[in-house]
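Structure record follows, encoded as structure tokens.
We did not get these values from a lab; they are worked out from the coordinates using the rules stated. It should be emphasised that the depicted structure is a prediction, and the values quoted were computed from it without experimental measurement. Ideal geometry is used to build each Cβ from the backbone, glycine not excepted, and the neighbour counts take in all protein chains shown.
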Amino acid sequence: MFGKQSGAEAVKSQRGRSNAVYFFPYEKIMTNWTGVPLNEAHNFQVRKLEISDKSKGFVELLQQLTVCDAISDENFEARFQELRSLGDDHVICVIEDTTCGKIIATGSVFIEKKFVRNCGKAGHIEDVVVDRDSRGMQLGKKVLSFLADHAQSVGCYKVILDCSNENKAFYEKCGFKQKEIQMVKYFI
Ligand SMILES: CC(C)(COP(=O)(O)OP(=O)(O)OC[C@H]1O[C@@H](n2cnc3c(N)ncnc32)[C@H](O)[C@@H]1OP(=O)(O)O)[C@@H](O)C(=O)NCCC(=O)NCCS
């Protein structure tokens, strides 16, 4: 059984900007088999991906979402630097449980530059996953809010994503609505 977030979000600064980072405490309310309360205090940090997150379980978290083989440190660094060079046009959000130094939630947003809509921009959200032991604690919602705020802050007129029917209700809780259908062509 999970509790609600304890208290107001603590330090909430620069949200939706390049160096957005904020912390919030959370008390996980549980009982043991005899009904005795066993509350766990957590402290979560919401921020952009850092290179050191590889050693904090970032890749293992992605493996809970889809096919993601082990990545060498060299390949991870190369991809990290490539994405970092895109600046605000590609942002990966992570949530670290700072009480144990583990990455427990993530999602990314890519900013597409268009000619339509007055040379408008659209955000594409991808790769959203919360660690299976930390679901139901509003962390997915925090990731979506971080990514949507970022897209809005860089001038996007919309932010879109694809999801399964199973996750439709989750995204609706995050303020999204269903529009049209998804098409895909895989090359591997
Ligand atoms: C989908 C997922 C990201 C949700 O993360 P989460 O942290 O457990 O979700 P939250 O706790 O932030 O939930 C926010 C709200 O959505 C609801 N919700 C979450 N998942 C739901 C689901 N599958 N169906 C219906 N409602 C759901 C919660 O009850 C909560 O409602 P509330 O605000 O009224 O309390 C997580 O279950 C996950 O990682 N799943 C596996 C990977 C995956 O499918 N990713 C999505 C790819 S498109």
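Checking the cross-link filter: which lysines have an alpha carbon closer than 19 Å to that of Lys173, excluding same-chain neighbours under 8 positions apart?
Lys4, Lys141, Lys142, Lys158
Only counting other Cβ atoms within 10 Å, I'd like Leu65, Leu147 sorted with the fewest neighbours first.
Leu65, Leu147
Any chance you could run the full-extension gain for Arg84 through Val184? It's 0.36 nm times the residue separation minus the Cα-Cα distance, nm to one decimal.
Numbers: separation 100, 0.36 × 100 = 36.00 nm, distance 2.70 nm.
Here the answer is 33.3 nm.
Under the classification rounded if a/c is under 1.5, otherwise prolate if a/b is larger than b/c and oblate if not, where does region 94-168 fall, given a ≥ b ≥ c as square roots of the Cα gyration tensor eigenvalues? Before the final figure, lay out each step's value.
Working: a/c = 3.22, a/b = 1.98, b/c = 1.63.
It is prolate, given that a/c is not under 1.5 and a/b is the larger ratio.
Quickly estimate the mean residue ellipticity at 222 nm for the chain, helices only: each DSSP H run with n ≥ 4 gives -39500 (n - 2.57), and the total goes over all residues, rounded to 500.
On the way: 5 runs with 42 residues, N = 188.
Value at 222 nm, helices only, nearest 500: -6000 deg cm²/dmol.
Using Cα centres only, tell me the gap between region 61-77 and region 130-188 in whole Å.
The distance from the Cα centre of region 61-77 to that of region 130-188 comes to 21 Å.
Dipole of the chain, Cα-centred, from +1 at each Lys and Arg C-beta and -1 at each Asp and Glu C-beta, to the nearest 20 debye? The partial results should precede the final answer.
On the way: 26 positive and 25 negative charges, 177 e Å.
Computed charge dipole of the chain: roughly 840 debye.
With N denoting the number of residues in the chain, provide Rg(C-alpha) divided by 2.2 N^0.38 Å, to two decimal places.
Compared with the compact-globule rule of thumb, the chain sits at 1.09.
In whole Å, how far is the Cα centre of region 34-58 from that of region 85-99?
15 Å
Place +1 on the Cβ of every Lys and Arg and -1 on the Cβ of every Asp and Glu in the chain, take the dipole about the Cα centre, and give the residue among Gly140, Ser153, Ser164 whose Cα lies farthest towards its positive end.
The listed residue farthest towards the positive side: Ser153.
Highest mean first, what order results for 148-161, 165-178 on Cβ atoms within 10 Å? Each step should come with its number before you reach the end.
Values: 148-161: 18.0, 165-178: 12.2.
Highest to lowest by the protection proxy: 148-161, 165-178.
Once the Cα atoms of helix 139-153 and of the chain are each reduced to a long axis, what angle between those two axes, in degrees from 0 to 90 to the nearest 10, is obtained?
With rounding to tens, the tilt is 30 degrees.
Please arrange Ile181, Ile111, Ile29 by how many other C-beta atoms lie within 10 Å of their C-beta, fewest to most.
Fewest to most other Cβ atoms nearby, the residues stand as Ile181, Ile29, Ile111.
Return a whole-number percent for the relative contact order of the chain, with Cα pairs under 8 Å and 6 or more residues apart as the contact set.
Across the chain, relative contact order equals 18 percent.
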